[in-house]
1. Out of all the residues in region 264-276, which are farther than 24 Å from TYR333 by Cα and either open to solvent by 60 Å² or more (accessible area, probe 1.4 Å) or of a type in the set (Phe, Trp, Tyr) (or both)?
2. Can you tell which of VAL701, VAL723 is hydrophobic (A, V, I, L, M, F, W, C) and over 30 Å from VAL586 (Cβ atoms)?
3. Scan region 31-49 and tell me whether some residue there is at pLDDT 70 or above, of a type in the set (Lys, Arg), more than 29 Å from GLY381 (Cβ to Cβ) and assigned to a strand (DSSP E or B).
4. Restricting attention to region 187-208, and to residues there that are within 12 Å of the chain's Cα centre (by Cα) and either open to solvent by 20 Å² or more (accessible area, probe 1.4 Å) or at pLDDT below 75 (or both), which single residue is farthest from LYS781 (Cα to Cα)?
5. State whether one or more residues within region 288-296 are assigned to a strand (DSSP E or B), modelled with pLDDT of 90 or more, open to solvent by less than 50 Å² (accessible area, probe 1.4 Å) and out of contact with any Asp or Glu (no Cβ under 9 Å at 6 or more places or on another chain).
6. Among the strands (runs of 3 or more DSSP E) confined wholly to region 708-749, which include 2 or more residues that are surrounded by fewer than 19 Cβ atoms within 10 Å (Cβ to Cβ)?
7. Answer yes or no: is there a residue in region 211-234 that is modelled with pLDDT of 90 or more and over 30 Å from VAL592 (Cα atoms).
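The values are calculated or read from the model by the stated rules, or taken from the named source; none is laboratory data. The shown structure was predicted, so the numbers you read here are calculated from the model rather than taken from an experiment. Every residue, glycine as well, gets a Cβ built from its backbone with ideal geometry; the counts of neighbours run over all protein chains shown. Side chains are part of the model used for accessible areas, which takes the heavy atoms of the whole protein and leaves out ligands, DNA and RNA. Shrake-Rupley method; radii C 1.70, N 1.55, O 1.52, S 1.80 Å.
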Amino acid sequence: MKVINKFVFAISCVLLSASVFGQQFSITGKIYDQANQPIAYANIVLLKTQDSTFVTGTTSNDFGEYTTNEIASGSYILKASFIGFEDFLQQVSLENDIEFETIVLKEAVESLSEVEIIYKKPTLKKEADRLVFNVENTALIEGTILQVIKSTPGVFILDSGIIIKGSEPTVYINNRKVQLTSDELVQLLESSSANNIKSIEVITNPPARYDAESGVVLNIIMSKNLITGYRGSVFTNYTQGVFPRYNTGTSHFFKNKKVSFNLNYSYTNDKINRNGVNVINYLDNNDAIEEIWKSDINRNIWSETHNLNFNFDYFINDKNTLSLSSSMLYLPYFKNRDSNNTIIIDDNSGFLSRFKANGLSRGNKYNIGFDLDFVHQLKKGQLLLNTHYTTYNYETTQNVFSDFFDQNNAFESASAFNTNANQDTKIFTSKIDYSLPINDTSNLETGVKYSNIKTNSDIAQFDVDINTGNEQINLQNTDAFNYEEKVFAAYSNYGLGTDKWSLSLGLRLEQTNIKGISGTNNIINTQNYLEWFPNASLQYNISDRFNVYTNYKRSIARPDYTYLNPFQFFLNEFAVVVGNPNLTPVFKDRFVIGSTLFKFFTIEAYYQNFDGNISEFPIQNNDTNIISYTPVNLDKTIDFGFDFEVYFNVTKDWSLYFGNSFYNIEEETNFGEGFIKQSQWSNYSALQNNFTFLKDKSLNVNLTVYWAGKNLQGLAISEDRLVSYLSLSKTILEKKGVISLLVSDLFNTQEFRASNRYLNQFNTRTIDADNRYIKLGFRYKFGNTKLKTNEHIKEQEELKRLREKDN
């Protein structure tokens, strides 16, 4: 009842705040050309006089008439524009309704093909809780969104995922979450043109309106679209790694006075190679090496992926907008072929035996999500209602066949088993957000959210008789698991911004109810907890060239659904993936203090504490010679260090970012067999270079080098890695076409190597993930290419935990 009362109070606050309003005015007028003919679909926008930020806008009708309503009193700049005409600008002081004099637009003297396009330089603004990289009207927007992100200071693409400060961010487009996995997200961004990007926000301390699970947020801000018409594009990419792979797709956008529609489709055909070497030193009772198992592992992964997403906006009137959006992923086919050759030797390298295991997995999956949004512009403030539904289904079959050889390397025996695994998940969320501008320098945001996740999984393993081929179910490795999670949330966030001070204070409340039932084992796991998540950011501008800031945030990371599943999934006779239904959520507290000097140099000190950090451990059993990959909560994880960043323009055509971090990670836990405590100082350094060439700035080059020193991750020591990539893009065909080239892993130094050495654990692993490749791409734009998009694909935070384990 206490939780319900708090939600009733939160909703009451939203409704009460909505009743606050101030006096509003309107501007009406007409737009004509020099021949005294009305101009239809001209853009009329109102900008703030102080900083030229967008306030409101509309387009003229067939008679050249326009009206803008619900405008607060104040000083503005009215801007009227239309393709082929010069812009019209005039300052307006609004104290009552205005019927503006007829605006006459003059034709541009030069034709569009003769106009020399002048690009601005990207600019970087560091705030207390975020970094804003402004790229509108820069040469960077002639490439793809992924290329812009690669050029964003402090953002890196590593192992087919986006990395910021060592972790994967939650990605938004126009403040709407993108509901795709890491690989699918990179695929989407690589397929999307950057022509419409205004800025990239790297939010390291997200305010309370974001879910408590949102650590770092990457928000892609698109320019507002006021021009009506149609535009589209087609693209294709060819990649040569160990094997060739390709993707192709198309995008379309249409807008008129009442509706806008955005549609994107892509098809990807992949074959990925992955090599690995695992070495397990099995120990005797005195922790001396008894046997050494060295496994050479090769995996080939085939997949065909269809991605379709759309967004439909219906402008009911100036105050109300209804939107329907969807993101659909369909894999009608994927296949994994695994080959494992293991040699077993003694501590003197004497041959003992060997085995080889060949596995083949086939399956399909789909992930379909829908969002319905309603936005109501109040007389003062905005009310947003959102409902989301996702259905996800994953089915796979696995066949494993193993041959065993004795100490004389003679065939001894064989075994085989088959596995069927399925997962079906439904996600429903609903939320209300209300934002209220209190005055010119402060605002209030508040809202409530409910989410419900249900997932049903089952697994069945069958032992196969080699001679007859008959199958017999293995009840020990057969189970069904039903999981339900409910989260009730409410938040409030206050923001203040003046010339000297910037302040953000927020508080989010989340009540979580979890129930998991394992049918065969009759294991029931329930978790119910109410948690508070405060956040605060404060910045003081000592001068235009010097500021100091500090921030704090508490966040949560709930376990992956697959981690909570108690199934045992055998990769071969001696390797198994095991879930852990007893996992608890991770709570993280992060403190930062920093300063920006001369607008381009930043220094920070940070401290973050993880309570119950989750890591998947390779745990070797020295009696059975089976290695289990199991997720476990660590008792304590502490990460602290110092970050140094600099970003500046070396020349007018060369911008440079350099980041350097020195940090220490300390982990400790007790597995029941002894207490473990490990600590490791480490360093990472990043150098990003962006170049523009040629007179028309049509050639863009990005060179990035990223060094990750030896570090500690889940009690494992990861070795040094040097990540590098070079990308080029060139606009052609009067800027309607773009050709691109990407070279990844220039120095062949991106292998992942890690080792575990504590208590009775002694193993190492090396992974080559096929990330050395060359990619060639082409995109062609058609229609009215001046249009800006309404694209806003979402991701529910719950979907970040909806994934298959990467075995």
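1. In the first step, residues of region 264-276 are kept if they are farther than 24 Å from TYR333 by Cα; the result is 276.
Those that are farther than 24 Å from TYR333 by Cα and either open to solvent by 60 Å² or more (accessible area, probe 1.4 Å) or of a type in the set (Phe, Trp, Tyr) (or both): none in region 264-276.
2. Numbers: VAL723 fails: over 30 Å from VAL586 (Cβ atoms).
The match here is VAL701.
3. no
4. Among residues in region 187-208 that are within 12 Å of the chain's Cα centre (by Cα) and either open to solvent by 20 Å² or more (accessible area, probe 1.4 Å) or at pLDDT below 75 (or both), the one farthest from LYS781 (Cα to Cα) is GLN187.
5. For region 288-296, residues assigned to a strand (DSSP E or B), modelled with pLDDT of 90 or more, open to solvent by less than 50 Å² (accessible area, probe 1.4 Å) and out of contact with any Asp or Glu (no Cβ under 9 Å at 6 or more places or on another chain): present.
6. Values: elements: 711-713, 716-718, 721-732, 737-744.
In region 708-749, 716-718, 721-732, 737-744 are the strands (runs of 3 or more DSSP E) which contain 2 or more residues that are surrounded by fewer than 19 Cβ atoms within 10 Å (Cβ to Cβ).
7. Filtering region 211-234 down to residues modelled with pLDDT of 90 or more leaves 234.
Checking the rest, the ones that are also over 30 Å from VAL592 (Cα atoms) come to 234.
The answer is yes; a qualifying residue exists.
Conditions (1) closer than 19 Å to GLU719 by Cβ; (2) in a strand (DSSP E or B), marked per residue:
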position: TYR647; (1), (2): no, yes
position: VAL650; (1), (2): no, yes
position: SER661; (1), (2): yes, yes
position: GLU673; (1), (2): no, no
position: LYS677; (1), (2): no, yes
position: GLN680; (1), (2): yes, yes
position: ASN683; (1), (2): yes, yes
position: ALA686; (1), (2): yes, yes
